[in-house]
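The numbers here are math on the coordinates, done by the rules we state, and not lab data. What you see is a predicted model, and the numbers here were worked out from it, not measured in a lab. Don't worry about glycine lacking a Cβ; one is built from the backbone with ideal geometry, like all the others, and counts go over all protein chains shown.
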Amino acid sequence: MTATPIPRSLALTAYGDLDVSRLLEKPPGRKPIDTRALPLERLEEVVYAVGRAIQSKARVYWVCPLVEESELVDLAAATDRAAALEQVFGPGIVGLVHGRLKPSEKDAAIGAFARGELKILVATTVIEVGINVPEATIMVIEHAERYGLAQLHQLRGRVGRGGDRSTCLLLYQAPLGEVARARLKILRESEDGFRIAEEDLRLRGSGEVLGTKQSGLPGFKLCDPIQQEELLLTARTDALNLLGKDPDLVSERGKAMRILLYLFERDAAARFLRAG
């Protein structure tokens, strides 16, 4: 079960290895998340808006790509951001969570945030799963252009879990490349995990089902697994029927199938027919 499908899981469904049931409705009472993309040049405006929000008793996640400042890449660090926000809002307002902390330290910070003792929780992506604070209504993600679509969708899912309206601010470093722009565009337009995964599949590919590549274009020769989903379902049913009657592909139709696999450079897959 997943709330955030990834291109590889979509590819497995296309190849017939998974059945899919889709839940198209959110839990009762949840409202759409207002998702906006802003350049990092407007960081001061965001900090000011966060200040107004916490005065209204809102709680805020602030996600950074690094734990500490790096000489190799010019990206926001969680420790520096937490210190900067503490200078603005004062002590006892800002908490910090990252993967280098002891589990007890992380649990203490998240618990204080959940109880409302902390108003802002600065973190790395360690909060993308397993955190449920319905009162948190604002998610700020710095350098959003550096994250994958599934990860951004998962982080955004930390807010919008209660009955209040929520906002997700995607801060990006301009200028954006074509792929990064497309990622942020689909996030602004949709909260549908399957649509987002389909766009991710289109942008970076699914990799190899029988290999090790984690990205790259799908290996289909004649069809698009997204645009021709119904045709693939029909083909899958026909293939299962054939394998049920002739698992070794020795019948006339089975031999014809082996020829097709050879012509489309997929005859190596015949060795895995009994693998399921």
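Points to keep in mind about this one:
- With neighbours defined as other Cβ atoms within 10 Å of a residue's Cβ, the residues MET257, MET139 order from fewest to most as MET257, MET139.
- Cβ-derived FRET efficiency at R0 41 Å, LEU23 paired with GLU265, nearest 0.05: 0.60
- Residues PHE113, PHE194, PHE89 in ascending order of nearby Cβ atoms (within 10 Å, fewest first): PHE194, PHE89, PHE113.
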